[in-house]
Every structure is written in structure tokens, then in C-alpha cells.
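Undergrad: Sending over a structure as C-alpha cells; questions will come in a sec.
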Amino acid sequence: MSGILPCCHLVPSASFDKNVSIFCLRKNPLIFPSACRRKRRFSYNSNWQFKPRTTFLSSTDDYNDTFTSGVNSGDGLSSKGDEENEVMAAKKALSEARAKQEAMEKERNELLEKLARYEVKQQENEATILHDKELAIAELEATKSHFHQKLQETVEENFTLESKLVLAKQDAVELAVQVEKLAEIAIKQATSRILEDAQMRVLAAETSAADAALQIEEQIRNATEGTIMSVVEQSKDAIQRALGMAENAGDYATKAVAIFSDGFSPVDEIASIKSENISLKGIVNDLESQLLIMRSEVDKFKVELEHVHAKANASELRAHDAEKALLEFQESNKKTIFQREEDISSFLEKIKKDAAEKKKAASKAFKVELESIKAAIEAAKETAHSRENVYMRRCESLQRSIRASEEALKTWRHRAEMAESLFLQDDKDEDAIFVVNGGRIDLLTDDDSLKWKLLSDGPRRELPQRMARRIRTIRPKFPPRKIDVSEALTSKLKHLDLPKLDEVWSIAQEKPKEGDTLIEHVIEKETIEKKRKALEQALKQKTIQWQRTPEHTKLEPGTGTGREIVFQAFNWESWRREWYVELAPKAADLSQCGVTSVWLPPPTESVAPQGYMPSDLYNLNSAYGSVEELKHCIEEMHAHNILALGDVVLNHRCAHKQSPNGVWNIFGGKLAWGPEAIVCDDPTFQGRGNPSSGDVFHAAPNIDHSQEFVRRDIKEWLKWLKSEIRFDGWRLDFVRGFSGTYVKEYIEASSPAFAIGEYWDSLGYEHGSLCYNQDAHRQRIVNWINATGGTSSAFDVTTKGILHSALHNEYWRLIDPSGKPTGVMGWWPSRAVTFLENHDTGSTQGHWPFPRNKLGQGYAYILTHPGTPVIFYDHFYDFGIRDIISELVEARRQAGIHCRSSVKIYHANNEGYVARIGDTLVMKLGHFDWNPSKENNLDGSWQKFLDKGCDYQIWLRQ
């Protein structure tokens, strides 16, 4: 712009003459015809708000002097009439100049008025800025006070926790003392019992030994007495016989004498007597031999008696040893008691030390938290300081704008002086025209004007269509560009229809240019606002964390975080579409609705398009999409913090080839198994493996998991799915076909975050009606979970079956005799995966569909109770109950319900069902009138969160 009017800077008004003016006109060809001089002047004045700080002419006398000097500088050859004409023309020109001066004064007043309005507007802006600053400071003070309040509450809560910790330590010490006392009593009782038992055993041994000795002595005595008596009797008998024989011998002698005297022969009698003596000697010898035998028997009895005495002595020795052992046991027992006392004392010391360390750690953590809070306060102070800097910079920018306006006023002053000089030129130059920019007239602004930059530089970046349409509605098209003077003279478009000043600045604000000070202030303001919101969010999270202490529960393997909400992301007909491509964009929506895990369809190549007849396990190009689409889908899930559960079929596998006898039992692909990988009790596929450890699936070859190579290959495949495809967990199909011990081995090898087994079994029915007692059914599911070592969860088919009947005004089915829920949820809630429908029961299969009009109540039950609930794809996206499910998920989240939450059932009858889950949620099913205020056992303030009338109602504790 420095080359537009250079003469206005070179020639002052006080020394203006004709020659200089002609020189200026020739150097700058901007000359207006007389017919449009006034229009040109108005074109400079309209629509621009500038204020000159000095007058155009110092006074009327100065103007007359200048004009007279211009008139007297003529050539002196003109006549008197010419002089009079010149005087008249001069007077006329003077009057016109005065009129123009008045007009310019009027214009100057208008500019002053506009400048005053601008200053008022600037003051208003400053007041607005100060008000915003005060509001920001007030908001910051409120935030500080809120933060200090929360900090005070946090400190109080910390003191409460410390007091609880001290009480817990005291309880632990008291418990340890009680344990020590109980241990001492138990040791004393055990010692006394052992001593009594030993004494009783010694007494019994002594008694038995004495009894044995008495019995032996009695036997010896009896035997001896009997022998002696028998010998005596035999001796008596022998003596009696000898006496009898002697008498007989006397008789014989008498007879012999008589015979001899009578004439008998005595020789015969003597011979008979000798023979009798010989027989008597034989009898005596027999008696002696019997006596010897008796003596030998007596000796034997004596030896036995000695043995008995030896045994008695041994018993006495054993008793002595027992007494000695008892004494040693007492000594060792005393040492053991002393050692236990030392251990208990060391344990108590360790407890005290651990308590002290925990206290130190807690205090240290509290100090760290306090430091973080102080850092947050410092950040808030920094934010306030940066805000103040921003406001100061805004004020400085406004001041710079004012200075720029003042500079522009100076420019307008120079232009007014230039216009005055142009109005005083001769008439001979009135027909000349000044053409700039091919017929367009430039706005007379300086280089520092942002308006000129905007109009001269054009759009600062590529103009969006919406902005172009808006600008076209504000600004009509410019006149066509003129290339010569004749075209400019004949054109009817004599002016530029430019946008107004406010409109120009609105366009400039909508099209920010990098480097502008105001734009930098706006960006800085947005950054500070983001930091402030982040700080508020952090403070809010800290406050919530201190207000609600999370339940410290040790998570077991295979349960995820314990707060999982699973979404079955397919149905029976999903394979007909490009499912992975269609499912990936839904990740953000599912995450926003509270879903934490997505159950994807079977990924492997399959004979059936649904994926449940797998063939080549390493080929993941299925009817649902390619392996690249699968990876992209899982990446989208991970990007929104959602776990991806793969549906793996481990029970059976379809073969690729036939055996020589025409049976399909030869597998292909990377896992090229043969008939040895198939169980031998599969009647169709002639397997040569071991018998099946579960039920046989007759549609495909059942895999023998007892084979080492089969288990090794399956574990490698699961690890590959987890590392390469990035699955996070498993849904295990048809786990009734093989033992849960193999599932435990597979889970321990692949380490999934979550695992669900499909143990599908029939419920108990009687005369076509569902039995109330379903303990046998849920016991079979629990047995399978137990066989896996608790590493896997299982679908709670029991709860699904009971809900089918219970929601038809038979709510008494939802409580078992022990007051717990009647499904697997009531026995092992952390392993119960509750659901209403899946691809088998619903979709186009419809084997066991859930009652359509009871879906809301069903989801109200499973989403508010412990266990891991599953949401079915069709219900969420096709059945029109998405908002209902989202509200129930939000209620579960706000109440902090997890897979191990407690359940207290208050009512379960034909009219309805009422239960409290955890400590913060109460829900009601059915049409009877009930609310928490009527229940004496429900403490606290309860607010109704959801009210669906007779279907269900949910309250949350405030």
C-alpha cells in the first residue's frame, strides 16, 4: 500500500502550489472527474469506523492564505475581467471549500461518535472479560473448596481406616492369645490323655502278665498235684496188690504147708510164687518208668514256668521302657510346647511387624496420594494463573487493536489531506481518471490493517463448501475485472458491494489463520479448558475412589475381572453376511453400553457354515470372513477395552480323507491325525484310541483327549490363537464330550482371561411340568466345573430353565430351601454364566426360545444378580429392547454388582420376587406392592432407579 498515494507524505498543505500539485498528479494518476468527485469522496467515508485525531485544516484563514497564494501565482498577463472572474471563481471555490470543510467536520464528528461507540463496546468487552475472570476465579475457588472438603473427608476416612486397622490389630493379638491358650490347653489335654493311655497300657500289660503267670502256676500246680496223686494212687494200688499178693502168698504158703503136710508138692507152689514176683517186678518197673515220665513232665512244666517268669520279666522291662519312653515323651512334649510358644511369640512379633509395615506403607501411600493431590492443586493454580495470563494477553491484544485503530486514523487524516488537495486542483484535470487494479478501486488502508490483509490475501486456507455457501449469502459477486479505461468508463458497476465490517470479522473468525495472536489465545483457552476438565475428572475419580472403597476379592483363574458383561456377537444366520466387517464398527457402541467381553463365532474352517463342524484348525478363513478381517475386528474390540472370546470346538473334528475301507477318519492340514486320534467307542468312524471320557457326538469323529499328541497339538493351537490372532479367552463347545480334567490342562497351558464351558443338560420334569427341585441338574454342572479345578466357568442352564416358568407368576421357583437362588448361581456364583438365549435356543433355530414378552424381566434378573450375564445379539440390535438392557447394565455398574455379590431374598411367591444384591441394590419382579421403606432390615436411603411397573423395579442406595 505504500505506492498508492506517495504525494500525501511529501507535500505539506501549508506549502501547496500548482506546480507541485501537477507534479503530484502526474506521479500518482489517481484523478476523479468532476461529475463523480463527491461520490468518490463518499465511497471513502462509508462503512469504515475510524477517528482522525487532528483536523484537516487548522483554520479558515489558513485555508484562505493557501488559496490566495495559489491564485497569485498566475502569470500576471490576465485582464481585469479575468481577475474579477477569478475572484468570483475563488469566492465560489472558497464557499465550496467551506461547505466541504463543514461536511468533513460533520464526517469527523460521525467518526468521533463511532469511535466513542467503539470505546464503549471495548469497555463492555473488558467488563465481560473481567466478569468471566471473576466467574473463573469463583469457579476455581469453589473447586478448591470442594477439593479441600473431599480432602478433609479423605483424611477422616483415612483416620477411620487407621482406627479400624488398630482395632483389627488388637483383634489379631487377642485372637493370637486365645489361640495360644487353646493350644496350651489342647497340648495339656493331649499330654494327660497320652499319659493316662500309657499308664493304662502298662497296667493292662502288668495285669495280663500276672494273669498269665498265675495261669501257668495254676497249670503247673494242677499238673504236679495230679501227677503226684496219680503216682500215689498207683503206688497205693501196687502196694495193695502186693499186700494182696503177699496175703495170697501166705495163703499159698499155708496151703503149701497144708499140702505138703497133706502130701502136695511145694515146688510147684514156689514156681508159681516166683512167676508172680516176676510179674510184680514188671509192674514195679512200669511204675518207675511212669514216675520217670512224670518227672520229665514236671521238668517241662518247670521250664515253662521259667519261660513264664522270663516273659513276666520282659513285660516288666517293657513297662519300664514304656515309663522311660513316657518320660522322654513328656520331655519332648515340653520342648515342643516351648518351641510352639516361641513360634507363636515369633508369629505375634511378625504380625506386629507386618502391622507396623502395613501402617508405614499405608501412611506412605497416603503421603503419596497427598502429594498427588497437592500436585493437582498446583496444577489448578497453574491453570488459574494461565487463565489470568490469557486474560492479560487478551487485554493486550485489545490494546494493540486500539493502537492499530489510532494508526488507521492517522492514515485517514493523510487521506483527507490528499482529498483536500485533489479538490483544489484545476478544472482542466477534471476529465482524467485514475485506474488501479484493472478498473477496481482499492480501499485506502495501510499495511497493518487486518481487513486489507483479509481482502488482499484471499482465503487463508482451502475454503470448505459450507463456508463458501455462507460467504456467498453474505457477499455478492465482485464486479467483472476491467482491462482498460474505456471498459471502466462504460461499465455500470461503479462501486464495490463489499461485506460489512462485522460480517468480515465473523468470516475471519470462522477461518482462523495460524500465527494470529487472537487465534493463539483461543487455542490456548481451549487447551486450558481441556486441562481443567481433565483435572476435575481426576479429582472426581479420586473422590469416588476414596468415597467407595472397592471390595478386595482375590480373583480366581478363568473369571476375567469378576465384573464381566459378555455379549454374544452373532446368531445362527450371521455367516450369511460379511460378519467381521459388519461387527467391527460396533465395538465403540458396545463399549459405551457397558459390554466388557465379546463372544465371537467359531473362527475355523468348517464343513457347516456356522463353524461347529471344524476341519483344518489353523485355517481361519471361514464363512464369517477372512483371517485379516477377524484380526481387524479383534483390534477394534481391544481399542475399546473389550475382551475377545473365541468359540473353540475341541470335542470333535471333521476328517479330510477316507481310510482304505471308506471311513472318514483321516485328518488333514497342519494337524494331520489318523484313526488313533478318535475314541474307540465312536461307532461310526472306527477310531483306534481309548474309550471316550464323556458323551459321544455322533455327527463327527470324537477326539481322544487321552492321547498325549492330541493334547499337545490342541495346547499349541490355543496358544497360537492367543498370541497370533490375539483372542483373550475361550467359549468351549460341547464340553460334555470329554473330561473336565483335560479342560483344566488346556486352560492352564493357554492362560485365558476368561473361559466358559457349554455343559448342556436336560432339566428334571414330572408329568410334563418342571420340577421345583433341580439340585441334580445344577450338581452335574458344578461337578464339571469342579473337574476343571475351577479354571473355567459354565453356562447356567439351570437358571435359564427355571426362569421360563418362574416369570409366569411362579416366582417361588427362584428360591431354594436354603434361601439361595435355585440355579448354579446359588451354589457357585463366580462360575455361573447366566443367559436367556443364544444361537441354539433363539435365532432361526428356536430350540428353546425364551418367552418374548418376558425378556425385560429376564434381563432385569440376570443383570442385577451375581454371576456373569450374557446379552444376545438379536435382543440388543433386533428386538427393540436395547435401551432397557443399557439401563439395566448402568444399574449394575452403579451398584457395583460383580460375580460374587451376595443375595438376600425377601419375598418369592406367586405375586412376585424381591431380593437385595450386595449392599446397594434392591430389585422387585411382579405386580405386588412393595418398596424398601416398608422393609425393616433395609437401612439407609433408597432411590428408585428404574420403574417398569408390574415387570420390575430397581432401587439404589444413596
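Undergrad: For the condition more than 30 Å from residue 395 (Cβ to Cβ), modelled with pLDDT of 75 or more, surrounded by 11 or more Cβ atoms within 10 Å (Cβ to Cβ) and among the charged types (D, E, K, R), what is the one hit in 100, 114?
TA: On the way: 114 fails: more than 30 Å from residue 395 (Cβ to Cβ).
The match here is 100.
Undergrad: Right, another one. What number of residues within the range 902-931 are open to solvent by 10 Å² or more (accessible area, probe 1.4 Å) and out of contact with any helix residue (DSSP H, G or I) (no Cβ under 7 Å at 6 or more places or on another chain)? Break it down into steps so the answer makes sense when it comes.
TA: Step one: filter the range 902-931 for residues open to solvent by 10 Å² or more (accessible area, probe 1.4 Å), giving 902-911, 916, 918-920, 927-931.
Among the residues that remain, those that are also out of contact with any helix residue (DSSP H, G or I) (no Cβ under 7 Å at 6 or more places or on another chain) are: 902-907, 911, 916, 919, 927-931.
Within the range 902-931, residues that are open to solvent by 10 Å² or more (accessible area, probe 1.4 Å) and out of contact with any helix residue (DSSP H, G or I) (no Cβ under 7 Å at 6 or more places or on another chain) number 14.
Undergrad: Which of the residues spanning the range 307-328 are touching a residue at least 60 places away in the same chain (Cβ under 8 Å) and open to solvent by 70 Å² or more (accessible area, probe 1.4 Å)?
TA: Of everything in the range 307-328, those that are touching a residue at least 60 places away in the same chain (Cβ under 8 Å) and open to solvent by 70 Å² or more (accessible area, probe 1.4 Å) turn out to be 309, 311, 316, 318, 323.
Undergrad: Let me ask something else about it. Checking the structure you have, find out if any residue of the range 593-601 is touching a residue at least 60 places away in the same chain (Cβ under 8 Å), out of contact with any helix residue (DSSP H, G or I) (no Cβ under 7 Å at 6 or more places or on another chain) and polar (S, T, N, Q).
TA: Within the range 593-601, one or more residues are touching a residue at least 60 places away in the same chain (Cβ under 8 Å), out of contact with any helix residue (DSSP H, G or I) (no Cβ under 7 Å at 6 or more places or on another chain) and polar (S, T, N, Q).
Undergrad: Please specify each residue of the range 827-840 satisfying the condition of being touching a residue at least 40 places away in the same chain (Cβ under 8 Å) and either touching a helix residue (DSSP H, G or I) at 6+ places or on another chain (Cβ under 6 Å) or within 24 Å of residue 771 (Cβ to Cβ) (or both).
TA: Narrowing the range 827-840 to residues touching a residue at least 40 places away in the same chain (Cβ under 8 Å): 827-833, 835, 838-840.
If the condition is that a residue be touching a residue at least 40 places away in the same chain (Cβ under 8 Å) and either touching a helix residue (DSSP H, G or I) at 6+ places or on another chain (Cβ under 6 Å) or within 24 Å of residue 771 (Cβ to Cβ) (or both), then 827, 828, 829, 831, 832, 833, 835, 838, 840 are the ones that fit.
Undergrad: Another question about this same structure. Could you tell me whether the range 428-438 includes any residue that is surrounded by 12 or more Cβ atoms within 10 Å (Cβ to Cβ), at pLDDT 50 or above and not in a loop (DSSP other than H, G, I, E, B)?
TA: No, the range 428-438 contains no residue that is surrounded by 12 or more Cβ atoms within 10 Å (Cβ to Cβ), at pLDDT 50 or above and not in a loop (DSSP other than H, G, I, E, B).
Undergrad: Is it true that some residue in the range 658-666 is out of contact with any helix residue (DSSP H, G or I) (no Cβ under 9 Å at 6 or more places or on another chain), on the phi < 0 side of the Ramachandran plot and at pLDDT 95 or above? Break it down into steps so the answer makes sense when it comes.
TA: Narrowing the range 658-666 to residues out of contact with any helix residue (DSSP H, G or I) (no Cβ under 9 Å at 6 or more places or on another chain): 658, 660-662, 664.
After this cut, where a residue has to be on the phi < 0 side of the Ramachandran plot as well, the list is 658, 660-661, 664.
Filter again for at pLDDT 95 or above, leaving none.
For the range 658-666, residues out of contact with any helix residue (DSSP H, G or I) (no Cβ under 9 Å at 6 or more places or on another chain), on the phi < 0 side of the Ramachandran plot and at pLDDT 95 or above: absent.
Undergrad: Follow-up question, since we're still on this one. Hey, among the residues in the range 336-388 that are out of contact with any Lys or Arg (no Cβ under 9 Å at 6 or more places or on another chain) and hydroxyl-bearing (Ser, Thr, Tyr), which one's nearest to residue 153 (Cα to Cα)?
TA: Filtering first and then ranking leaves 363.
Undergrad: Could you list, in sequence order, the residues of the range 905-958 that are of a type in the set (Val, Ile, Thr) and either touching a residue at least 60 places away in the same chain (Cβ under 8 Å) or farther than 19 Å from residue 887 by Cβ (or both)?
TA: Taking the range 905-958 first, the residues of a type in the set (Val, Ile, Thr) are 905, 914, 917, 920, 922, 954.
Within the range 905-958, 905, 914, 954 meet the criteria.
Undergrad: What do you reckon, is residue 402 open to solvent by less than 50 Å² (accessible area, probe 1.4 Å) and either more than 49 Å from the chain's Cα centre (by Cα) or of a type in the set (Asp, Glu) (or both)?
TA: Working: open to solvent by less than 50 Å² (accessible area, probe 1.4 Å): yes; either more than 49 Å from the chain's Cα centre (by Cα) or of a type in the set (Asp, Glu) (or both): yes.
Yes.
Per-residue answers, yes or no, for (1) basic (Lys, Arg); (2) more than 23 Å from residue 835 (Cβ to Cβ):
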position	(1), (2)
881	no, no
884	no, no
896	no, no
908	no, no
921	no, no
926	no, no
934	yes, yes
937	no, yes
947	no, yes
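Undergrad: Taking the criterion of being in a helix (DSSP H, G or I) and in contact with a Lys or Arg (Cβ under 6 Å, 6 or more places away or on another chain), would at least one residue in the range 590-603 satisfy it?
TA: First, the residues of the range 590-603 that are in a helix (DSSP H, G or I): 590-592.
Going one step further and asking which of them are in contact with a Lys or Arg (Cβ under 6 Å, 6 or more places away or on another chain), we end up with none.
Looking through the range 590-603, none of the residues is in a helix (DSSP H, G or I) and in contact with a Lys or Arg (Cβ under 6 Å, 6 or more places away or on another chain).
Undergrad: Restricting the range 753-773 to residues that are surrounded by fewer than 23 Cβ atoms within 10 Å (Cβ to Cβ) and touching a Gly at 6+ places or on another chain (Cβ under 6 Å), which is farthest from residue 899 (Cα to Cα)?
TA: 771
Undergrad: Could you please give the count of residues in the range 745-773 that are free of Cβ contacts under 8 Å to residues at least 24 places away in the same chain and among the charged types (D, E, K, R)?
TA: The number of residues fulfilling the criteria is 1.
Undergrad: May I ask you to verify whether residue 688 is open to solvent by 70 Å² or more (accessible area, probe 1.4 Å), at pLDDT below 95 and either basic (Lys, Arg) or within 22 Å of residue 747 (Cβ to Cβ) (or both)?
TA: Yes.
Undergrad: Hey, can you tell me all the residues within the range 290-306 that are open to solvent by less than 100 Å² (accessible area, probe 1.4 Å) and within 14 Å of residue 214 (Cα to Cα)?
TA: Step one: filter the range 290-306 for residues open to solvent by less than 100 Å² (accessible area, probe 1.4 Å), giving 290-291, 293-294, 296-299, 301, 303-305.
Passing the criteria: 301, 304, 305.
Undergrad: Looking at the range 638-675, which of its residues are in a loop (DSSP other than H, G, I, E, B), closer than 17 Å to residue 718 by Cβ and of a type in the set (Val, Ile, Thr)?
TA: Start the filter on the range 638-675 by keeping residues that are in a loop (DSSP other than H, G, I, E, B), which leaves 640-642, 649-651, 653-656, 659-663, 667-674.
Narrowing further to those that are closer than 17 Å to residue 718 by Cβ: 649-651, 653, 669-671, 673.
Once the filter is applied, which keeps residues that are in a loop (DSSP other than H, G, I, E, B), closer than 17 Å to residue 718 by Cβ and of a type in the set (Val, Ile, Thr), the range 638-675 yields only 649.
Undergrad: Might you let me know whether the range 751-758 holds any residue that is in a loop (DSSP other than H, G, I, E, B) and more than 33 Å from the chain's Cα centre (by Cα)? Break it down stepwise before answering.
TA: So the first thing to find is which residues in the range 751-758 are in a loop (DSSP other than H, G, I, E, B), and the list is 751-753, 758.
Okay, now just the ones that are also more than 33 Å from the chain's Cα centre (by Cα), so none.
No: zero hits.
Undergrad: Let me ask something else about it. Out of the range 118-129, which residues are touching a residue at least 60 places away in the same chain (Cβ under 8 Å) and either of a type outside the set (S, T, N, Q) or more than 21 Å from residue 406 (Cβ to Cβ) (or both)?
TA: First pass over the range 118-129, keeping only residues touching a residue at least 60 places away in the same chain (Cβ under 8 Å): 118, 122, 125-126, 129.
Once the filter is applied, which keeps residues that are touching a residue at least 60 places away in the same chain (Cβ under 8 Å) and either of a type outside the set (S, T, N, Q) or more than 21 Å from residue 406 (Cβ to Cβ) (or both), the range 118-129 yields 118, 126, 129.
Undergrad: Now for a different question. Residues of the range 775-790 being open to solvent by 10 Å² or more (accessible area, probe 1.4 Å) and not acidic (Asp, Glu), which ones? Quick ask: steps written out before the conclusion?
TA: Start the filter on the range 775-790 by keeping residues that are open to solvent by 10 Å² or more (accessible area, probe 1.4 Å), which leaves 775-776, 779-780, 782-784, 786-787, 789.
If the condition is that a residue be open to solvent by 10 Å² or more (accessible area, probe 1.4 Å) and not acidic (Asp, Glu), then 776, 779, 780, 782, 783, 784, 786, 787, 789 are the ones that fit.
Undergrad: Can you find a residue in the range 676-684 that is in a strand (DSSP E or B) and under 16 Å from residue 785 (Cβ atoms)? So that I can check it myself, show each step before the final result.
TA: Pass one, the range 676-684, residues in a strand (DSSP E or B): 678.
So of that shortlist, the ones also under 16 Å from residue 785 (Cβ atoms) come out as none.
No, the conditions are met nowhere in the range 676-684.
Undergrad: I've got another one for you. Restricting the search to the range 282-341, which residues are hydroxyl-bearing (Ser, Thr, Tyr) and closer than 30 Å to residue 200 by Cβ? Spell out the reasoning first.
TA: First, pick out the residues of the range 282-341 that are hydroxyl-bearing (Ser, Thr, Tyr): 289, 296, 315, 332, 336.
Residues satisfying the conditions are 315, 332, 336.
Undergrad: Pick out the one residue from 739, 750 that is small (Gly, Ala, Ser), open to solvent by 10 Å² or more (accessible area, probe 1.4 Å) and within 30 Å of residue 869 (Cβ to Cβ). Explain how you work it out, then say what you get.
TA: Values: 750 fails: open to solvent by 10 Å² or more (accessible area, probe 1.4 Å).
Just one listed residue meets the conditions, 739.
Undergrad: Just to check your reading of the model, which residue among 715, 719 is touching a Phe, Trp or Tyr at 6+ places or on another chain (Cβ under 8 Å), open to solvent by 10 Å² or more (accessible area, probe 1.4 Å), modelled with pLDDT of 95 or more and under 30 Å from residue 628 (Cα atoms)?
TA: 715
Undergrad: Kindly establish whether residue 924 is charged (D, E, K, R) and farther than 18 Å from residue 858 by Cα.
TA: no
Undergrad: A further question on this structure: Is it fair to say residue 274 is out of contact with any Leu (no Cβ under 6 Å at 6 or more places or on another chain), modelled with pLDDT of 65 or more, exposed (fewer than 11 other Cβ atoms within 10 Å of the Cβ) and not hydroxyl-bearing (Ser, Thr, Tyr)?
TA: For residue 274, the condition - out of contact with any Leu (no Cβ under 6 Å at 6 or more places or on another chain), modelled with pLDDT of 65 or more, exposed (fewer than 11 other Cβ atoms within 10 Å of the Cβ) and not hydroxyl-bearing (Ser, Thr, Tyr) - is met.
The values are calculated or read from the model by the stated rules, or taken from the named source; none is laboratory data. From a predicted model like this one, the values you see are computed outputs, not experimental measurements. Here Cβ is always computed from backbone atoms with ideal geometry, including for glycine, and neighbour counts include all displayed protein chains. Just the protein is used for accessible areas: all its heavy atoms, side chains included, with ligands, DNA and RNA removed. Shrake-Rupley method; radii C 1.70, N 1.55, O 1.52, S 1.80 Å.
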